[in-house]
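The values are calculated or read from the model by the stated rules, or taken from the named source; none is laboratory data. Everything quoted here is computed from the prediction, not taken from an experiment. Here the Cβ is made from the backbone with ideal geometry for all residues, glycine too, and neighbour counts use every protein chain on show. The area values use the complete protein model at the heavy-atom level, side chains included, leaving out ligands, DNA and RNA. Shrake-Rupley method; radii C 1.70, N 1.55, O 1.52, S 1.80 Å.
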Amino acid sequence: MRWRHDTWVKRGGLALAVVVLFSGGYLWFWLRSAEHRVSQICGGMLPVDDTVGMIFGVDDLKLENKKLNITSTEVPELSWRCKANNIWVTIEPATGTEDTLGPSSFSSSNHEHLPVPLGSGWTGFVLRDDGSDKGAVLLDCRNWAGDKGEGLFITVRDSYGADTRLENRADLARVLTGTARRAAEKTGCDAEPGSTIDRIAPLPPEAPRRLSEATGTCQGMTSQPSARGTAAGGSPAEYCVLGPEVPQGGGPEQGLVLTAMYGPYAVPIPGFLKEPAGIRGDSMWASATCKDVLGTARYLASPQDERRLFTSEENSSALEPLTDAELADFARFAEASAARHGCEAPVLPPAADA
């Protein structure tokens with residue numbers, strides 16, 4: 001049986017029309033999809049599937065996208081702040097600018113909610129704070145000089161406070177680290193990222209433990225009966241909160257808060273922590289020189305009782321210098337944290353440098 005040429009043409013044309021119609025319809029739906037719209041914000045640096053998986057009310061997607069005007073870095077693809085419903089993301093240079101938004105997503109003075117290190121080879125953390133899951137990660141760019149910001153600084157916040165599942169923080173960690181990977185690719189950052197995060201450790205207990213049970217950043221402390229601290233890892237923010245066995249009813253809680261900050265979180269307070277080490281009023285601080293993106297680390301000891309002063313130029317009933325055991329704990333905390341992050345030995349105040 002022979003087919004007429006015009007029959008083949010008609011059938012071929014019809015098939016082509018179907019393909020074009022189908023392709024056009026698929027393209028129309030794709031352009032309107034949440035996946036496509038999310039792929040267009042933050043310079044195209046978000047891991048689309050992981051991000052869309054965390055969005056609450058994805059069928060009613062509201063996006064915000066802003067290119068930040070940071071002129072102190074030579075990476076034109078930076079910096080970004082974007083939002084997809086409940087997910088907020090910032091992508092910035094890790095150093096070289098004083099107007100980064102990332103550190104504002106987490107108050108380094110708030111030790112009520114302790115960070116959990118990301119692990120899996122990443123320098124970062126997640127935490128639960130103010131009804132939100134938050135996270136930050138630093139990625140060192142081996143081919144960047146200081147004028148390019150040394151590396152990348154990514155923060156993510158899930159503002160939908162109803163979800164307190166541990167898996168939610170693991171999901172957030174994958175958005176965080178996936179953004180870091182894509183940002184490195186987009187900006188030409190020669191980095192060595194960590195591996196895929198399958199799970200995140202539970203949040204540290206809110207109640208203090210007996211000092212004999214202390215692990216992580218509080219291991220080896222001696223000055224107080226109880227402690228609660230950050231797990232040992234690669235977090236750019238670490239704490240060890242030392243306190244009494246039983247909170248003293250009604251009055252200020254006695255004890256000492258030890259803090260370690262790296263990278264963007266270690267910015268000196270103007271007119272206060274510019275010296276590498278010292279003691280003034282209700283604070284003792286030290287510092288350490290670290291490699292690349294971690295910059296100059298800052299270590300701080302401060303009392304839980306805000307009325308307590310370590311030094312004073314005037315006679316004061318609140319004057320209560322650090323004890324020998326507290327000085328030793330501060331030195332031990334700073335030295336262990338510096339070693340864990342690959343930094344040089346910290347510069348300590350003379351009082352703690354025994």
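Remarks
- Any chance A214 is open to solvent by 30 Å² or more (accessible area, probe 1.4 Å) and not basic (K, R): no
- Yes/no for W3 being farther than 19 Å from R157 by Cα, in a helix (DSSP H, G or I) and either at pLDDT 90 or above or not β-branched (V, I, T) (or both): no
- Scanning segment 76-85 for residues that are farther than 12 Å from M45 by Cβ and open to solvent by less than 10 Å² (accessible area, probe 1.4 Å) yields a single hit, A84.
- Selected residue [closer than 23 Å to D140 by Cβ, modelled with pLDDT of 90 or more and hydroxyl-bearing (S, T, Y)] from T230, T222: T230
- A351 vs. criteria modelled with pLDDT under 95, of a type in the set (A, V, I, L, M, F, W, C) and crowded, with 17+ Cβ neighbours inside 10 Å: yes
- Residue match in segment 189-199 (condition: open to solvent by 50 Å² or more (accessible area, probe 1.4 Å), under 11 Å from W122 (Cβ atoms), part of a helix (DSSP H, G or I) and charged (D, E, K, R)): no
- Within the option set V246, V267, V293, being under 30 Å from C189 (Cα atoms) and at pLDDT below 85 holds for one residue only, V267.
- Criterion: under 15 Å from A351 (Cβ atoms), modelled with pLDDT of 95 or more, open to solvent by 50 Å² or more (accessible area, probe 1.4 Å) and out of contact with any Pro (no Cβ under 9 Å at 6 or more places or on another chain) - qualifying residue of R280, R332: R332
- Among (1) out of contact with any His (no Cβ under 9 Å at 6 or more places or on another chain); (2) buried (at least 17 other Cβ atoms within 10 Å of the Cβ); (3) modelled with pLDDT of 90 or more, the one test that A325 misses: (2)
- Test result for T289, touching a Pro at 6+ places or on another chain (Cβ under 8 Å), touching a residue at least 12 places away in the same chain (Cβ under 8 Å) and β-branched (V, I, T): no
- Residues in segment 335-348 that are among the aliphatic types (A, V, I, L, M), part of a loop (DSSP other than H, G, I, E, B) and open to solvent by less than 80 Å² (accessible area, probe 1.4 Å): L348 only.
- Boolean, A136 is more than 15 Å from the chain's Cα centre (by Cα) and closer than 28 Å to G44 by Cβ: no
- Top-ranked residue of segment 296-317 - restricted to ones that are in a loop (DSSP other than H, G, I, E, B) and polar (S, T, N, Q), ranked as modelled with the lowest pLDDT: N315
- Residue match in segment 150-166 (condition: in contact with a Phe, Trp or Tyr (Cβ under 7 Å, 6 or more places away or on another chain), in contact (Cβ under 8 Å) with a residue 40 or more places away in the chain and of a type in the set (K, R)): yes
- Pair list, Cβ < 6 Å and 6+ apart or interchain, from segment 318-332 residues that are in a strand (DSSP E or B) and of a type outside the set (F, W, Y) to residues that are crowded, with 17+ Cβ neighbours inside 10 Å and at pLDDT below 90: L319/L309
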